[in-house]
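First up is the structure itself, then whatever we jot down about it.
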């Protein structure tokens, strides 16, 4: 019976075998020319890359950027020295690719959004009140919340935006953010302080005078 | 309407939640196929890239070794009391043809 249970199709066995190969071995094999095995790394870490990208990019840009992240990772695989874990190395590439997206996007943007729709203003007022009318986990409210967040961040530079998202919204330490962005810790601290002030100023302006 | 620090904190908390809720976006899997297709078309350029960087490293090592040798040579010349510029000039521009001509004609 036990034998019957263990007996699987050859394809399934091969897949299981691939799943158990350590990252470093896969990397070595890819570098020796086994391009196809890179797909195992992609399957293994697609979730991680998507999770990072979803936090930093608009939904319609996630798939294209995920593709770019893995292509970049493949091209830089030779530089992976194993000093950090492969998933961490991939997270760094994901964050930096997101940053590159915003730099390009801000360079090409025409005019920033000028007004906040009435429904979003209502969300703002509701979220600051002592007794919110509806929970912010409500689906439509969630969408408004994300649009307000996007509207608020749209005025910041690509650098300020990334630092706000990492340090302030995701609550990473200055050191962690610096490592992900490839900046010095001092630069991250100064920039996050200034960006946060800008963000607070904008929020106050919206709430006090309307937009 | 004045906006208190407490209200600002509440708003910031709501925005933080909005940021985390972004994880719930659904993403397809087609991009994986596209990524692998792009990668399959890369190996030639990827390998030439690595060859290039190895070549760069070699050139860099050669340049550094030459610079180090020159430095040692000029230091040695200074210690021997020879003007390093003259020493180098002597090494590089000594003309064996002139010597032969001098020998032949007895100048």
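The values are calculated or read from the model by the stated rules, or taken from the named source; none is laboratory data. Just so it is clear, the structure is predicted and the values come from calculations on it, not from any experiment. All Cβ positions, glycine included, derive from the backbone under ideal geometry; neighbour counts span all protein chains shown.
Which is over 14 Å from residue B:12 (Cα atoms), more than 12 Å from chain B (Cβ to nearest Cβ) and assigned to a helix (DSSP H, G or I), of A:191, A:161?
One residue alone meets the criteria, A:191.
Name the residue, out of A:41, A:24, that is modelled with pLDDT of 90 or more, buried (at least 20 other Cβ atoms within 10 Å of the Cβ) and over 16 Å from the mean Cα position of the chain (by Cα). Steps first, please.
Values: A:24 fails: buried (at least 20 other Cβ atoms within 10 Å of the Cβ).
Exactly one residue qualifies, and that residue is A:41.
Any residue that is part of a helix (DSSP H, G or I), within 7 Å of chain A (Cβ to nearest Cβ) and modelled with pLDDT of 85 or more - is there at least one of those in segment B:39-60?
Among the residues of segment B:39-60, at least one is part of a helix (DSSP H, G or I), within 7 Å of chain A (Cβ to nearest Cβ) and modelled with pLDDT of 85 or more, which makes the answer yes.
Considering each of B:91, B:86, B:36, B:64 in turn, give the residue that is within 9 Å of chain A (Cβ to nearest Cβ), at pLDDT 60 or above and surrounded by 10 or more Cβ atoms within 10 Å (Cβ to Cβ).
The match here is B:36.
Report yes if some residue within segment A:65-73 is out of contact with any helix residue (DSSP H, G or I) (no Cβ under 7 Å at 6 or more places or on another chain) and either surrounded by 15 or more Cβ atoms within 10 Å (Cβ to Cβ) or more than 20 Å from residue A:148 (Cα to Cα) (or both); otherwise report no.
The answer is no; no qualifying residue exists.
When you go through (1) facing chain A (nearest Cβ under 7 Å); (2) in a helix (DSSP H, G or I); (3) modelled with pLDDT of 80 or more one by one for residue B:7, which number turns out not to apply?
Of (1) facing chain A (nearest Cβ under 7 Å); (2) in a helix (DSSP H, G or I); (3) modelled with pLDDT of 80 or more, only one is false for residue B:7: (3).
Residue A:88 passes all but one of (1) within 30 Å of residue B:11 (Cα to Cα); (2) away from chain B (no Cβ under 14 Å); (3) within 16 Å of the chain's Cα centre (by Cα); which number fails?
Unmet for residue A:88, out of (1) within 30 Å of residue B:11 (Cα to Cα); (2) away from chain B (no Cβ under 14 Å); (3) within 16 Å of the chain's Cα centre (by Cα): (1).
For segment B:10-29: of the residues being more than 7 Å from chain A (Cβ to nearest Cβ) and over 22 Å from residue A:163 (Cβ atoms), which is modelled with the lowest pLDDT?
B:24
Residues in segment A:36-68 that are closer than 18 Å to residue A:170 by Cβ, more than 7 Å from chain B (Cβ to nearest Cβ) and assigned to a helix (DSSP H, G or I): how many?
Result for segment A:36-68: 7.
Taking the condition within 13 Å of chain B (Cβ to nearest Cβ) and at pLDDT 75 or above, does residue A:147 pass? Let's see the steps before the verdict.
Numbers: within 13 Å of chain B (Cβ to nearest Cβ): yes; at pLDDT 75 or above: yes.
Here the answer is yes, as residue A:147 does meet what is asked.
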